[in-house]
Amino acid sequence: MIGNISKLKNINILYVEDEKALREITLNILEGFTKHQYVGVNGNEGLALFKKHQTDIDLIITDVNMPQMNGLDMIKEIKKINPNIPIIVATAFSNTEYLLKAINIGVDKYVLKPVDMKKLLQIMNQSLLYHELKDLYLDKLTSLPNRNRLKKDLESSKSTLMALVDIDKFSTINDLYGESNGNKTLYKFSLFLKEHFLKKQFKLYRVEADKFAIVLKNTDINVSEFYTTCKNFADDVEKNAILIDDNEIDINVTIGIAQEEGTLVYEYAQRVVNYARKKLEQILIYDDSYDIQRSFEENIKWVKQVKNGLKENRFKAYFQPIIDTNTQEIYKYEALIRYIDDNNEPVAPLHFLEIARKAKLYPKIIKVMINEAIHLIKQKNKRVAVNVSFDDISSSKTTTYVYDILEQNRDVTSMLEFEILESEEIQDFQAVIAFIKNVKKFGCTVGVDDFGAGYSNFNMLTHLDIDFVKIDGSLILAIDKEKNQEIIVSTISNFSKEFGFKTVAEFVTNESIFNKIKELKIDYAQGYFFGKPMDINDI
């Protein structure tokens, strides 16, 4: 019984045979079952045909003992070009030595001469199926089972204990060392996994570019013991750099562990590894108390609300006053985004802004803010500051929009300020320098926001043509009580004055804090002590 060979109708084959009579008979039959046939009479011709049509050829059938170049030498050269191409050899029973060599160099199937055509068609069908399954379920780089295999293995499983291992910031390795070295790193990392999680007890998978799954085979190991094994592995990874061509590549991992039935275990492991990363934990075990599902539901809700809010103009700027610490008069306002809900109440950005960034919706919000800021300047002749992120600056679409708006409103742009968020990692200083230079052509003022919150870099400030530094509120909140915070803020203030930068303190919530920042000679203050963010009509 041949089985279902209908799929052969869609394939192109390379057929190489030096015996004319056999070639013509076999070819005549193949023409009735396959889409197209490329025919060679020796290894040289076969190789040349493959090089010319390799993107079209799905399967190769070849004789072994041929003049000029035999089938085995041809196969070796073809495997260098495409190691996964299915190859069937046709050989006489007396040529068993050739047959063994063919198997050693990666030939899938063989058929003995004289060729039984039913057998050949069946073998062709099997060979294609084998490669389809191999590609479907195997990761080519690491030779580990892939995500498809994992999901299939989990479909009918009972309670499964598994860990998801995520390499931290793996894209940085590709950026620093190149994709080729990145692939070598992943391969060596997979070997490291195999050393720690032995085949007898665990099954390993590569489920994404930089994510690996570990599934426990031995049910005698409990969650606590599995956690310890994973923790030891994570610690070893951090201690031992991976050596690639004399380069020591340091790796850190985040691990999420879950126990559940069927494919739910993979879903829970994904949730907890993302949660662990968010909480800056090296390893976490899934627990319903984390309420991760509710978090996802909240995210989904806000993605929809942000999209609808942009369509329905529900986003608007509220403006918080920033006062001169010497005169206590309002010097300018900061534009702060708000979502106006169904009850006409403003919703603070902590509920939706980060979600908007991840959903790639933030560029539309920054456009709203700039337009609202210019509207206030024109309507009430007030200075306004607008936050701008590194993502905004690195987006040519966003910066082009900003420059166009500034060009259209040159008469008021000297009243507009930009606050670059320093709490985000700036990956391209040249882009930031170019942005500052371009907006300053329109008379805009530029500062660094949230200084002291994240990747604080005093040297960075000296290389940017800025006008002011806004000190992060986390350093201001308890400055009247915490000596360490006072010292840090004093250092920032003194440094800024040396380089001619004005300073702004945010989160000034009471008189005691205000008196302390005046003592430290901070130029401007912002916070609820002077006023909450307000609607434009209330200014």
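The values are calculated or read from the model by the stated rules, or taken from the named source; none is laboratory data. Every value quoted in this text rests on a predicted model; they were computed, and no experiment measured them. Positions of Cβ are generated from backbone atoms using ideal geometry, with glycine treated the same way; all protein chains shown enter the neighbour counts.
Laid out as a table, the results:
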{"item": "Any hit, region 254-267, residues being modelled with pLDDT of 90 or more, among the aliphatic types (A, V, I, L, M) and within 27 Å of Pro533 (Cβ to Cβ)", "result": "no"}
{"item": "Counted residues, region 197-228 - those being of a type in the set (Val, Ile, Thr) and in a strand (DSSP E or B)", "result": "3"}
{"item": "Some residue of region 439-456 being surrounded by fewer than 17 Cβ atoms within 10 Å (Cβ to Cβ), at pLDDT 95 or above and under 37 Å from the mean Cα position of the chain (by Cα)", "result": "yes"}
{"item": "Qualifying residue in region 290-309 (condition: surrounded by fewer than 21 Cβ atoms within 10 Å (Cβ to Cβ) and under 30 Å from Arg410 (Cα atoms))", "result": "no"}
{"item": "Which listed residue is without any contact (Cβ under 8 Å) to a residue 24 or more places away in the chain and either over 32 Å from the mean Cα position of the chain (by Cα) or surrounded by 15 or more Cβ atoms within 10 Å (Cβ to Cβ) (or both), from Gln408, Gln379", "result": "Gln408"}
{"item": "Flag if Thr62 is touching a strand residue (DSSP E or B) at 6+ places or on another chain (Cβ under 6 Å), at pLDDT below 90 and at negative phi", "result": "no"}
{"item": "Subset tally (residues that are free of Cβ contacts under 8 Å to residues at least 24 places away in the same chain and in a helix (DSSP H, G or I)) for region 522-539", "result": "2"}
{"item": "Residue within region 458-467 that is surrounded by fewer than 16 Cβ atoms within 10 Å (Cβ to Cβ), touching a helix residue (DSSP H, G or I) at 6+ places or on another chain (Cβ under 8 Å) and modelled with pLDDT under 90 present", "result": "yes"}
{"item": "Any hit, region 413-431, residues being at pLDDT below 90 and among the hydroxyl-bearing types (Ser, Thr, Tyr)", "result": "yes"}
{"item": "Residue match in region 487-499 (condition: assigned to a loop (DSSP other than H, G, I, E, B) and within 24 Å of Ala434 (Cα to Cα))", "result": "yes"}
{"item": "Residue tally, condition touching a strand residue (DSSP E or B) at 6+ places or on another chain (Cβ under 9 Å), within 19 Å of Pro533 (Cα to Cα) and assigned to a loop (DSSP other than H, G, I, E, B), over region 507-521", "result": "2"}
{"item": "Residue check, Leu176 touching a helix residue (DSSP H, G or I) at 6+ places or on another chain (Cβ under 8 Å), modelled with pLDDT under 85 and surrounded by fewer than 20 Cβ atoms within 10 Å (Cβ to Cβ)", "result": "no"}
{"item": "Filter result (part of a helix (DSSP H, G or I) and either within 18 Å of the chain's Cα centre (by Cα) or at pLDDT 80 or above (or both)) within region 268-300", "result": "Tyr268, Ala269, Gln270, Arg271, Val272, Val273, Asn274, Tyr275, Ala276, Arg277, Lys278"}
{"item": "Matching entry among Leu150, Leu164, Leu136 (being under 30 Å from the mean Cα position of the chain (by Cα), modelled with pLDDT under 75 and of a type in the set (A, V, I, L, M, F, W, C))", "result": "Leu136"}
{"item": "Only one of Glu354, Glu417, Glu372 that is in a strand (DSSP E or B), surrounded by 13 or more Cβ atoms within 10 Å (Cβ to Cβ) and out of contact with any His (no Cβ under 7 Å at 6 or more places or on another chain)", "result": "Glu417"}
{"item": "Near pairs, Cβ below 7 angstrom, 6+ apart or cross-chain, from region 120-134 (farther than 11 Å from Lys7 by Cβ) to any residue that is surrounded by 19 or more Cβ atoms within 10 Å (Cβ to Cβ) and at pLDDT below 70", "result": "Ser127/Asp108; Tyr130/Asp108"}
{"item": "Region 476-503, subset more than 11 Å from Ile513 (Cβ to Cβ) and among the aliphatic types (A, V, I, L, M), residue farthest from the chain's Cα centre (by Cα)", "result": "Ile487"}
